[in-house]
1. Is it the case, given these coordinates, that residue 37 is of a type outside the set (Lys, Arg), closer than 17 Å to residue 208 by Cβ and loosely packed, with under 15 Cβ neighbours inside 10 Å?
2. May I ask you to list the residues in the stretch 78-102 that are buried (at least 23 other Cβ atoms within 10 Å of the Cβ) and over 17 Å from residue 131 (Cβ atoms)?
3. Give the residue that is nearest to residue 71 (Cα to Cα), with candidates limited to residues of the stretch 162-190 that are in contact with a Gly (Cβ under 9 Å, 6 or more places away or on another chain) and of a type in the set (Gly, Ala, Ser).
4. Can you work out which of the residues in the stretch 107-130 that are in contact (Cβ under 8 Å) with a residue 24 or more places away in the chain and of a type outside the set (A, V, I, L, M, F, W, C) is surrounded by the fewest Cβ atoms within 10 Å (Cβ to Cβ)?
5. Residue 114 is checked against (1) hydroxyl-bearing (Ser, Thr, Tyr); (2) modelled with pLDDT of 95 or more; (3) farther than 19 Å from residue 71 by Cα and fails just one. What number does that condition carry?
6. Checking the structure you have, find out if any residue of the stretch 157-168 is assigned to a loop (DSSP other than H, G, I, E, B) and within 23 Å of residue 47 (Cα to Cα).
7. Only one of (1) crowded, with 21+ Cβ neighbours inside 10 Å; (2) among the polar types (S, T, N, Q); (3) modelled with pLDDT under 95 is not met by residue 191, so which one is it?
8. Residue 139 versus (1) out of contact with any strand residue (DSSP E or B) (no Cβ under 8 Å at 6 or more places or on another chain); (2) within 20 Å of residue 77 (Cα to Cα): which is the lone unmet condition?
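The values are calculated or read from the model by the stated rules, or taken from the named source; none is laboratory data. On a predicted model such as this, the values are computed, not experimentally measured, just so you know. A quick note on method: Cβ atoms are made from the backbone with ideal geometry, for glycine too, and the neighbour counts reach across all protein chains shown.
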Amino acid sequence: MSRRCRLYLITPPEIPDIAAFARDLDLALDGGDVASLQIRLKSREGVPAPDGHILELGRHIVSRAQDRGVAVLINDRPDLAVALGADGVHIGQQDMPYARARKLVGDSAIVGVTCHDSRHLAMEAGEAGADYVAFGAFYLTETKSPAARAEPDLLTWWQEMMELPCVAIGGVTVENARPLVEAGADFLAVSAGVWRHDRGAAEAVRSFNALFDELAT
């Protein structure tokens with residue numbers, strides 16, 4: 001079976017001007033293939049934005065992303081995912097059990113689970129029915145204080161052992177992405193590596209896709 005890594009885009013942690021970000025998102029998506037968009041409004045210390053702000057952002061961008069074939073996930077909050085008509089939810093180890101999140105969003109929604117650098121947590125999530133597991137952080141990141149550091153060989157092990165997709169997250173940029181793709185990541189989760197790219201978000205998306213095309217097997 002052929003394998004090509006894809007981009008899993010994460011919003012900036014703070015979005016004060018929603019209309020401006022919606023325009024930025026359109027430009028980013030014009031840059032090339034994006035598999036999914038996670039709405040994550042949370043400070044580095046883990047403090048989430050008010051529900052009202054998350055809902056307002058979602059009302060601006062969920063449908064415009066979905067219209068382009070991009071699956072939209074909400075970080076931590078299955079209830080908000082349902083309210084916004086999003087495609088699913090991403091949950092961390094400290095948020096809520098997988099079973100509860102699944103019950104809230106339904107069987108047809110996407111539920112992804114953070115597994116840090118743990119093979120055990122990833123296997124548990126897979127056995128429970130998660131749609132993907134996320135490993136990381138692989139690199140230093142300004143977006144959050146990572147609970148663990150992961151090594152690329154974890155992705156290789158997972159790819160050899162499991163069919164469930166894996167996401168590599170944490171400080172990923174165009175410049176440091178190659179080892180993660182080569183190691184077996186199905187998706188690269190990227191925030192600042194796109195939004196803070198020195199040539200703009202659209203160019204970042206184009207560059208990631210050029211790398212994915214080069215390394216497709």
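1. In short, no.
2. Pass one, the stretch 78-102, residues buried (at least 23 other Cβ atoms within 10 Å of the Cβ): 78, 81, 86, 88-91, 101.
Matches in the stretch 78-102: none.
3. 189
4. Per the criteria, the residue is 129.
5. That leaves (3) as the condition not met.
6. Residues of the stretch 157-168 that are assigned to a loop (DSSP other than H, G, I, E, B), as a first pass: 162-165.
Those still in the list that are within 23 Å of residue 47 (Cα to Cα) too: none.
There is no residue in the stretch 157-168 that is assigned to a loop (DSSP other than H, G, I, E, B) and within 23 Å of residue 47 (Cα to Cα).
7. Among (1) crowded, with 21+ Cβ neighbours inside 10 Å; (2) among the polar types (S, T, N, Q); (3) modelled with pLDDT under 95, residue 191 violates only (3).
8. Every condition holds for residue 139 apart from (2).
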